[in-house]
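Note sheet for the following structure.
The values are calculated or read from the model by the stated rules, or taken from the named source; none is laboratory data. Note that the structure is a prediction, hence the values are computed from the model and not measured. All Cβ positions, glycine included, derive from the backbone under ideal geometry; neighbour counts span all protein chains shown. Quick note on the areas: whole protein, heavy atoms, side chains included, nothing else; ligands and nucleic acids left out. Shrake-Rupley method; radii C 1.70, N 1.55, O 1.52, S 1.80 Å.
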Amino acid sequence: MPRASTIYSSDVSNPEGGKRVAWAELFFDLVFVFAITELVELLHDDHSWNGVGRAIVVFLPVYWVWVGTTIQTNRRDLDRPAERIAVFFVALCGLVMAFALPHAYDDRGLLFAGAYWAARLGFGWWVFRGELRRIQPFTVSMAFTGPLLVVGALFDGPLREILWLAGALIDLAVPSLLRRRLAAMTFDPAHLTERFGLFVLIAIGESIVAIGVPVANSGTAIGPATLTAVGGAFLLCCGLWWVYFHFANDAMRHALTIAPTQLTITRHVLSYGHVVFIASIVSVAVGMEATVAEPGHHLPLPYVGFLFGGTALFLAMFGYTRWTMFRRLSVTRLTAAVGVLALAPVALLVPALVAILLLAAGVITLNVVEYLRAGRARRPAVRAG
């Protein structure tokens, strides 16, 4: 008779084959729900160009902690208590980073940087131990990037921002600089693409929160304009979900499965591509929050930028990922991105609820066009069969 640990293993193959996402990983993700919420609030409080830059700088270490842990859990057995404890330790460090994030440039900078370094030290030592002499992304962050962020936290003003930006860029660059050393790494395609899809879902979930919170906290009667803006914002969330999950996530899994060197897809499409996907959805969430809060007013230019620029960036990024995976252009999504940018000047001239409805209609139109094109492409194959 099989052991219970075998029956209930987090690594039991799913019906399509491959490793299943473990409960410990889903628990780990809860911390990053909070981190994305704090990031949206940071941008809402300071939506100047400088504020956007500062938000990106503090988001990258948070994102990289999630990516590094996710890459390693893909290759390890989370049924082992020691592995789970390591993940929980990183989650605790991520929680500290999340509540330090809004004041990372003030009195919580050392707390933010120290939590990042602790996450990399703790998980790296626990997972690699005897391999710590090898140069790899974890050892670089343990020995160099983490201390750099801590040193940066000891200074105020631009010097802190410069050192933290340098640390973030080093973390992003190391997988590419060490690509030959890491080329032999293999991954479970279904599990890894599902994990990154779940982070996208976290960001879309924060957009839902951004829609609901202003209405719930308004303390006034909810009129037709507010309900219309809520409906338009929710339709936009549905449209963004459809763009990613109806075709793209499966395409990423397929590309990772057939890739001669899986690290190429992991690095460019998952690690690098998704930092843009998630950042763009966060941007859209900030714009949604402003739209729903005052649907009858015209959106200020920064919020139009968040809403339309974030959506355009989200769509355009599929041009990069599709080309990286299959050397093909994503014509429909690149065209839609240009169309969204063309709508942005119109959004400055109309009430916020009209702007959100126009944007939602544009994204839904893209989904309908792609659905019809895919249907036409399948029909000849069915006839041939």
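Tally the residues that are under 29 Å from Y371 (Cα atoms), hydrophobic (A, V, I, L, M, F, W, C) and open to solvent by 30 Å² or more (accessible area, probe 1.4 Å), restricting the search to segment 207-243. Walk me through it before giving the result.
To start, the set of residues in segment 207-243 that are under 29 Å from Y371 (Cα atoms) comprises 207-211, 227-243.
Narrowing further to those that are hydrophobic (A, V, I, L, M, F, W, C): 208-211, 227, 229-230, 233-238, 240-243.
Restricting the remaining residues to those that are open to solvent by 30 Å² or more (accessible area, probe 1.4 Å) gives 208-209, 227, 230, 234-235, 238, 241-242.
Looking only at that region, the number is 9.
Checked across segment 369-382, the condition of being under 19 Å from C237 (Cβ atoms) and crowded, with 21+ Cβ neighbours inside 10 Å holds for no residue. Scanning segment 273-288 turns up no residue that is among the aliphatic types (A, V, I, L, M), under 19 Å from the mean Cα position of the chain (by Cα) and within 28 Å of A377 (Cα to Cα).
Flag not set for G273, criterion: touching a strand residue (DSSP E or B) at 6+ places or on another chain (Cβ under 7 Å) and either within 14 Å of L359 (Cα to Cα) or not β-branched (V, I, T) (or both). Taking helices (runs of 4 or more DSSP H) as the structural unit, those lying wholly within segment 51-142 and holding at least 3 residues that are open to solvent by less than 10 Å² (accessible area, probe 1.4 Å) correspond to 81-100, 109-128. Of the candidates L182, L165, the single residue that is buried (at least 16 other Cβ atoms within 10 Å of the Cβ), out of contact with any Asp or Glu (no Cβ under 6 Å at 6 or more places or on another chain) and under 24 Å from F314 (Cβ atoms) is L165. Taken residue by residue, segment 334-355 has at least one member that is in a helix (DSSP H, G or I), closer than 22 Å to V52 by Cβ and touching a Pro at 6+ places or on another chain (Cβ under 8 Å).
Within segment 268-284, does at least one residue satisfy the condition of being at pLDDT below 95 and small (G, A, S)? Looking for residues that are at pLDDT below 95 and small (G, A, S), one finds at least one in segment 268-284, hence yes.
Among the residues of segment 299-333, those identified as in a helix (DSSP H, G or I), open to solvent by 80 Å² or more (accessible area, probe 1.4 Å) and in contact with a helix residue (DSSP H, G or I) (Cβ under 7 Å, 6 or more places away or on another chain) are L313, Y320.
Which of the helices (runs of 4 or more DSSP H) contained wholly in segment 214-287 include at least 3 residues that are closer than 22 Å to R322 by Cβ and either out of contact with any Leu (no Cβ under 8 Å at 6 or more places or on another chain) or of a type in the set (G, A, S) (or both)?
Details: elements: 224-242, 249-258, 262-265.
By residue number, 224-242, 249-258.
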